[in-house]
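Working notes, beginning with the structure itself.
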Amino acid sequence: MLAKKTSLRIFIISVIIVSLLTNTATAQNTTQDNHEKYQVTFDFEIVDAFTGEPLDGEIHVHAWVADELWKESIAMGEFKEDILVKKFQGGKVSFTVPLHGQYEFELFIYSKETPSPFGDLPNYDWCYKWMIFDGESKVNARIGVFPVGYVFVKLYSPEGKLMKFGNWDELYRYNLASFFGTYDDLNFTSRYLSEEGDLAVKILAGKPSRIYWMDYVPNYGLAWLIADNDGRGYLLNKGEYTVINLVYDSAKTMLRKAITFIEGLPSDVPLSENVTQYLHEAQELIKTTESLDERNKALNGWKALEKTLKAWEQAVLDYSNYRIQKHRMGELALDLPPRTKANITLDYIDLMFSPGWDLDMSNPFIRGLQRLSRFATIEPYPYMNKDGSIPEEKFRKHYEDFKRRLMAKRFNAPGGDLAYNWIYSWNVLEQPEDIRELIAPFNLTAVMGVTKKHLIDLINFSKKYGVNLKTIEMMIEYDKVAEYAFRFYKWDKYYYARPLTLKEKAEVARELSQLIHKLDPKIRTVAYLCGVVNVNPRTFREIGSMINHERYATLDTISGLQYFLEKGVEVDIASVQIHALAELGLLNTIDLFNSLQRLDDLASKYGISIGVEELTIPSEITDAEPLYVSDLKKAVDEEFQARLMRNYMIVMLGFPNLVRILYTTNVDASGPEFYGEAYEQLVNQTAGKIRMGYFREDLTPKPAYFALRNLFDSLIFEGEYPGTPVKTLAGWYNITLYREDGRPIETYRIHVDGGSTTRLIVRFFENETLKVEVERLRSELGTHKSEIEELQKKVNSLQQQLAEKDETIHRIEEELSKHRETITVTITKTLKTTETVVSPSKDTLTLLLIALVAGLAVVTITVAIIALRRRANYVRR
């Protein structure tokens, strides 16, 4: 394995992590548990989420049930509904149920129902909650249920058919029932379906709300659409309803948002002609639609949505290209003697880019991408000792092998996540006793000792063998709770599993990041976050439904990053995962731009960079994958993947603060064999159903590969210098000089910085040696920056002193000019000018002495300034 995919850790690592340092009792070899013997008591207070008023209703309790107690905490086993059903009054309900690993609760509120043409409408939203067993046999929670109003939507298809849904399965097949109401982009309400198939989106009562929904826009693609009543929001009291034309309202909202974005761009951004054209067409469609019937409003609305989204997307690409040219592209100018030519070749670009994991360098296509950045990941986990130490000779061979085979000059390494490493084999109780002792119960103190030892060896050996270690990944998926990230803990004589809490994660990350910065301040720590980066109603509602989710997970990567930064974790790069279309996350180019902008805004506030850790875009959705609707399946193919690949890469490069991109899935359904059965299961669940690589399984490249490669080729200049300055992507380049007859002279390696001009001046002398003056770029001045600033401060101080002496001389001149008898004294102020001072006979000696002292001070200060400036210039050279 040449590079890692972080989301697929091997089981053997879990065994190594918890080492012999773990103080653990022997696991109980129990294969069958008597659940009735162990009970969990719940005490819930159920109230109106806004007023706090106690509510009456009914609770249904479900659970994941399995033979072994620990298995249930990871939702593996049989799901049993209604293990308890209980009515409650006055907002109070208490009950005791057998101990299981994960519980789910459905709440139905008894309240007034409002009569309507669509049936009697409940005044409160259906409420769903869930939780994992975390070692507490008594659980107290206050649950707020939202009062709601109903926005019934007339939804017409692009062909003009009024959509009716006979049941929830039909609605799910349409768009995964993805209709949500919100007023704050944090709390999302659900859907309502009448017996007649009329669809409503519930909105929070008394709050101006907007509607999020997902659909396929013809001739554009999948998109999250928003309807907000022309910016006013839909405002309804509890139980009230209204009816809207959903497509038409959404077309107006999206058009307004697109115009706002485009008008907010810098005035010098060159927009494509079709941006203006598409916007104009969309505006005309909306303007001429107001007087039409509902069906034709929707038909024009679909067309307006297509034009709007195309204009918005093109504006995003134009703006991104503008920023690429301004910040990532540099100009290279060569001043050569007569009869001399030069050839320019790339060493590597500044962007830390990896074409994927499992890099087969015998494949010329993969090799062609890898040479762009010469960036790779070393991973000493598989051969480290149980105490976390790294065998030195194995490390040396590992590094030299990666350096040679991957043509790598810069490296990344995992190293901060051992305390959070994942367990892949769930049949722990069937493992040999010595293995069980290492796996459970989890001992954070011992694991931290192992992790620290690993980091110390990693960094020390990197220094010793000259490894250009740029980054160490920390906080891997710390921002979410995931069933494969659970740890085993001891409860009574049984094991249960739960993830680390956010507080525990912050303590681990803070301690380890401080250690890394202390061992080597030049190494940048990476926060490897995996939650959604866009406002995703499905995910937000799911995580928010977890009882006390604030203990275990954040809603998205933005809130996750902010949480850890506020807790004092020293992060240098906030890197996120981007899986297009997965769980209805990032669906198109606009979504990606908006999401990265949210991340960049927060990162810039804290002075850190951003990155993309995992990037996948599907090229096929098979019949085995139930996640996507039929229209989307028809739209997703290799050409779709290629278009999105090019657009996504342009958007990412358009963020100057983005410093690394790791594309982790480059081959369909590929992966290292030694991940074993657990990996095969994951492939069957994901890669085996959604083709995400830019290579097919037979290693032939897809159009997405060429889209990626052609984009980089268009940004990088290589070849013979044409005689005029060339623009190229920021990075290191080799300049080979040769004579007209082809004889090589010499090669120089220079850096081209984004947004600057690098000029190489070459002159021949009689002995035919070369004198090369390179105007150093900002990146090369970094090591001298502090010295230059200090010198500048001294120069400024001396200049101030000089001004004060000038003022003294001027005052003396005015004093002396009042008297008749004079003598002449010449004082040198600078190396180029002199002045004559007139002095009287009275107190002549005293005044002359003052003048001479002042003059001497001026000369001294001037000489010092010149010396310091020469030194500063020397540093710059």
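The values are calculated or read from the model by the stated rules, or taken from the named source; none is laboratory data. All values reported here derive from a predicted model rather than from experimental measurement. We place every Cβ from the backbone using ideal geometry, glycine too, and count neighbours over all the protein chains shown. These accessible areas exclude ligands, DNA and RNA; they are computed on the full protein's heavy atoms, side chains included. Shrake-Rupley method; radii C 1.70, N 1.55, O 1.52, S 1.80 Å.
Quick notes on this structure:
- Residues (surrounded by 18 or more Cβ atoms within 10 Å (Cβ to Cβ) and more than 18 Å from ASP120 (Cα to Cα)) located in region 190-215: LYS207, SER209, ARG210, ILE211, TYR212, TRP213, MET214, ASP215
- Within region 132-146, restricting attention to residues that are within 19 Å of VAL65 (Cβ to Cβ) and crowded, with 20+ Cβ neighbours inside 10 Å, the residue that is farthest from the chain's Cα centre (by Cα) is PHE133.
- Any hit, region 567-583, residues being surrounded by fewer than 17 Cβ atoms within 10 Å (Cβ to Cβ) and farther than 30 Å from GLY449 by Cα: yes
- Qualifying residue in region 527-537 (condition: in a helix (DSSP H, G or I), modelled with pLDDT of 95 or more and not aromatic (Phe, Trp, Tyr)): no
- Checked against the criterion of being within 30 Å of the chain's Cα centre (by Cα) and part of a helix (DSSP H, G or I), the candidates GLY368, GLY388 yield just one match: GLY368.
- Qualifying residue in region 326-340 (condition: in contact (Cβ under 8 Å) with a residue 12 or more places away in the chain, in contact with a Ser or Thr (Cβ under 9 Å, 6 or more places away or on another chain) and polar (S, T, N, Q)): no
- Going through (1) of a type outside the set (D, E, K, R); (2) open to solvent by 20 Å² or more (accessible area, probe 1.4 Å); (3) out of contact with any Leu (no Cβ under 9 Å at 6 or more places or on another chain) one by one, LEU336 falls short only on (3).
- Here is the figure for region 726-767: residues that are outside any strand (DSSP E or B) and surrounded by 14 or more Cβ atoms within 10 Å (Cβ to Cβ) total 5.
- Residue check, ASP56 buried (at least 19 other Cβ atoms within 10 Å of the Cβ) and charged (D, E, K, R): no
- Residue in region 357-366 that is modelled with pLDDT under 95 and in contact with a Ser or Thr (Cβ under 7 Å, 6 or more places away or on another chain) present: yes
- Cβ-Cβ under 8 Å pairs, at least 6 apart or on other chains, region 637-654 side in contact (Cβ under 8 Å) with a residue 40 or more places away in the chain and open to solvent by less than 10 Å² (accessible area, probe 1.4 Å), far side among the aromatic types (Phe, Trp, Tyr) and part of a loop (DSSP other than H, G, I, E, B): GLN641/TYR694; MET645/TYR694
- Entry remark, region 182-201: residues being touching a helix residue (DSSP H, G or I) at 6+ places or on another chain (Cβ under 9 Å) and farther than 18 Å from TYR156 by Cα number 7 in total.
- From the list GLU766, GLU746, the lone residue that is more than 26 Å from PRO355 (Cβ to Cβ), out of contact with any helix residue (DSSP H, G or I) (no Cβ under 7 Å at 6 or more places or on another chain) and modelled with pLDDT under 85 is GLU766.
- Which numbered condition GLY231 fails, given (1) of a type outside the set (Asp, Glu); (2) out of contact with any Lys or Arg (no Cβ under 7 Å at 6 or more places or on another chain); (3) in a loop (DSSP other than H, G, I, E, B); (4) modelled with pLDDT of 95 or more: (2)
- Members of region 132-157 found to be over 18 Å from VAL47 (Cβ atoms), part of a strand (DSSP E or B) and not hydroxyl-bearing (Ser, Thr, Tyr), listed by number: ILE132, LYS138, GLY149, VAL151, PHE152, VAL153, LYS154
- Breaking point among (1) surrounded by fewer than 21 Cβ atoms within 10 Å (Cβ to Cβ); (2) part of a helix (DSSP H, G or I), for LEU292: (2)
- Residue satisfying all of: in region 675-690; within 26 Å of the chain's Cα centre (by Cα) and open to solvent by less than 50 Å² (accessible area, probe 1.4 Å); modelled with the highest pLDDT among these: ILE690
- Count of residues meeting criterion [in contact (Cβ under 8 Å) with a residue 12 or more places away in the chain and either among the basic types (Lys, Arg) or not in a helix (DSSP H, G or I) (or both)] in region 504-523: 4
- Among residues of region 238-263 being closer than 14 Å to ILE211 by Cβ and of a type in the set (Val, Ile, Thr), the one that is most open to solvent (accessible area, probe 1.4 Å) is VAL243.
- Among the residues of region 160-177, those identified as more than 19 Å from TYR248 (Cβ to Cβ) and surrounded by 19 or more Cβ atoms within 10 Å (Cβ to Cβ) are PHE165, LEU171, ALA177.
Yes or no, residue by residue, for (1) closer than 22 Å to THR377 by Cα; (2) out of contact with any strand residue (DSSP E or B) (no Cβ under 9 Å at 6 or more places or on another chain); (3) at pLDDT 90 or above:
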site: LYS505; (1), (2), (3): no, yes, yes
site: THR525; (1), (2), (3): yes, no, yes
site: THR539; (1), (2), (3): no, yes, no
site: MET546; (1), (2), (3): no, no, yes
site: ARG551; (1), (2), (3): no, yes, yes
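- Pick from region 691-710, criterion over 25 Å from the mean Cα position of the chain (by Cα) and among the charged types (D, E, K, R), ranking: surrounded by the fewest Cβ atoms within 10 Å (Cβ to Cβ): ASP698
- Among residues of region 47-73, those that are modelled with pLDDT under 85 and of a type in the set (D, E, K, R), counted: 4
- Top-ranked residue of region 148-159 - restricted to ones that are touching a residue at least 40 places away in the same chain (Cβ under 8 Å) and open to solvent by 10 Å² or more (accessible area, probe 1.4 Å), ranked as nearest to HIS62 (Cα to Cα): VAL153
- Count - residues of region 215-233 that are touching a Pro at 6+ places or on another chain (Cβ under 9 Å) and among the aliphatic types (A, V, I, L, M): 1
- Any hit, region 278-291, residues being at pLDDT below 95, among the small types (Gly, Ala, Ser) and more than 29 Å from ASP713 (Cα to Cα): yes
- Close pairs (8 angstrom Cβ cut-off, 6 or more residues apart or separate chains): open to solvent by 60 Å² or more (accessible area, probe 1.4 Å) in region 451-473, part of a loop (DSSP other than H, G, I, E, B) anywhere: LYS452/GLY388; LYS453/ASP387; LYS453/GLY388; LYS453/SER389; LYS463/ASP520; LYS470/ILE523
- Candidates ASP350, ASP387 - the one that is open to solvent by 20 Å² or more (accessible area, probe 1.4 Å), in contact with a strand residue (DSSP E or B) (Cβ under 8 Å, 6 or more places away or on another chain) and touching a residue at least 12 places away in the same chain (Cβ under 8 Å): ASP350
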